[in-house]
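Only one structure is covered here, and it is reproduced in the block below.
The values are calculated or read from the model by the stated rules, or taken from the named source; none is laboratory data. Predicted, not measured: the structure shown is a model, and the values here were computed from it. Using ideal geometry, Cβ is built from the backbone for each residue, glycine included, and neighbour counts are taken over all protein chains shown. Each accessible area value is taken on the protein alone, full model and side chains, heavy atoms only, with ligands, DNA and RNA left out. Shrake-Rupley method; radii C 1.70, N 1.55, O 1.52, S 1.80 Å.
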Amino acid sequence: MIKLKQLESLLQDVDVFEKPKIQFEQYPTSAHIASRMLYTAQSMYDDIEDKIVADLGCGCGVLSIGANQLGALYNFAFDIDDDALAICRENMEGFEIENMDLIKVDVETLSLRDKVDTVFMNPPFGTKTHKGIDMVFLKKAIDISTRAVYSLHKTSTREHIFKKAKEWGVSCEVVAELRYDIPAMYKFHKKKSVDIQVDFLRFAHPDDQE
Amino acid sequence: MRLITHNMLQCHVKGCNKDNFPLKLEEIEIEELEAEFNADFIKSMLNRLDWKALAQTTFSLGIAQLPEEMPEELNDEMLQQLHHILLEVDITSGRMVCQGCNHVYPIRDGIPNMLLTESEV
C-alpha cells in the first residue's frame, strides 16, 4: 500500500473546477482531506482494496481517483454536472485509470441493480440553496452500499445525523474533526476564506463481517 | 462507459419496476481499448455482475456468444474473452432504452445520462 504522503502528493495533481457552480455547491475536496479519508478507510477498515466503490457527487473525481490508487476493484463516479464530469474524465485519463466509469445522474433518483461495497463522498452541505440535500445524499449512499459510507458533514449537524443513522440501522462514528477551509470562490463570500467545522464520518452496515 | 457499468444501471423512472433491466443498447458506437489482462480482476468482477444480462447484451451487440449460465470453471480462453468484454469495449455514444417503459437514456462522450424529467421522478 502506498504511503499517505505519496497519496496526498498524487492527488495534488488532480485538476479542480474551472468555474465552480453555486447551485451544486461545488467546493473541491482538498488533496489533504481526500488522502486522509481514503487512507483511513483502507488502512483501518480495509474498505477499498478489491472493493466496488462509488462516489456520489464526484465533482472532479479526487475521491474516486484516490480510491483507485489504493486498489479499488472498480469505481463508479456519479455527478449531475457535465462540466465536472468532463474534468473528472480528463483526470481519469491523466492517471490512466481503466477500472472506473462516470455516470450523469441526479443522486436523489439514482438506483442501481446491485449494491456497491463502499461509498465515498463530499456531499453538498445544503446550506445555501438546497436545504437537506446532505441528508438526501447520505440516505442514498447508505441505500446503495453493503459495507461502509465515508462522508463529510458540518459538525453542527452531528446530533441530527446520529439520530438518522440509528433510524436507518447503521452505526456512525466520528473518525476525525476537520477544519474545512472554503476559499472565497463565490461572490457572496465576504471574507477571503472561511473555516468551518466538519466531521469526517464513517457509517457501517451491521452485517459487515469485519 | 464499459459493459460493467451497463450491468449496474437500471431504469429508475418512478413506477417502472418491470423489465427495467438490462437497458437495451441502441445505435451505439464502440471504441476498442487496450487494457492490461488481470485474471483475478475478471474473476472478482464476475462475482458481482449479472451474467445473464451480460450474455444477453454481448450477444445482441454481436460481441460474443457467452453460455447462458456462468461456467463453473473459467478457462484461459474464456477469461481472455471476458477481459475484452469487460475492459476493452468502451461505449462512447448511443442510447439505452428501458424495455419496460421505453425511457431513453442517452450516452454521450462515454457518459450515460440517467437524468429524468420532472414528471418521471
Which members of the range B:21-34 meet the condition of being more than 9 Å from every other protein chain (Cβ to nearest Cβ) and closer than 22 Å to B:Glu69 by Cα? B:Leu23, B:Lys24, B:Leu25
Being open to solvent by 40 Å² or more (accessible area, probe 1.4 Å), of a type in the set (D, E, K, R) and either on the phi < 0 side of the Ramachandran plot or in a strand (DSSP E or B) (or both) is the filter here, so list the residues in the range B:1-25 that pass it. B:Lys14, B:Lys18, B:Lys24
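Matching residues to (1) surrounded by 13 or more Cβ atoms within 10 Å (Cβ to Cβ); (2) over 21 Å from B:Val13 (Cβ atoms); (3) within 12 Å of another protein chain (Cβ to nearest Cβ):
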| residue | (1), (2), (3) |
| --- | --- |
| B:Glu36 | no, yes, yes |
| B:Leu54 | yes, yes, yes |
| B:Gly62 | no, yes, no |
| B:Asn75 | no, yes, no |
| B:Ser93 | yes, yes, no |
B:Trp51, sole failed condition from (1) in contact with a Leu (Cβ under 7 Å, 6 or more places away or on another chain); (2) farther than 24 Å from A:Glu90 by Cα; (3) aromatic (Phe, Trp, Tyr): (1)
Residue check, B:Cys98 against (1) free of Cβ contacts under 8 Å to residues at least 24 places away in the same chain; (2) more than 22 Å from A:Asn99 (Cα to Cα), all met but one. Which one? (1)
Kindly provide the set of residues from the range B:96-120 that are open to solvent by less than 40 Å² (accessible area, probe 1.4 Å), in a loop (DSSP other than H, G, I, E, B) and either among the polar types (S, T, N, Q) or within 11 Å of another protein chain (Cβ to nearest Cβ) (or both), ordered by number. B:Gly110, B:Met114, B:Leu116
Restricting to the range A:141-163, name every residue that is within 20 Å of A:Leu38 (Cβ to Cβ) and in a helix (DSSP H, G or I). A:Ala141, A:Ile142
Which ones in the range A:145-159 are open to solvent by less than 10 Å² (accessible area, probe 1.4 Å) and either basic (Lys, Arg) or out of contact with any helix residue (DSSP H, G or I) (no Cβ under 8 Å at 6 or more places or on another chain) (or both)? A:Ser145
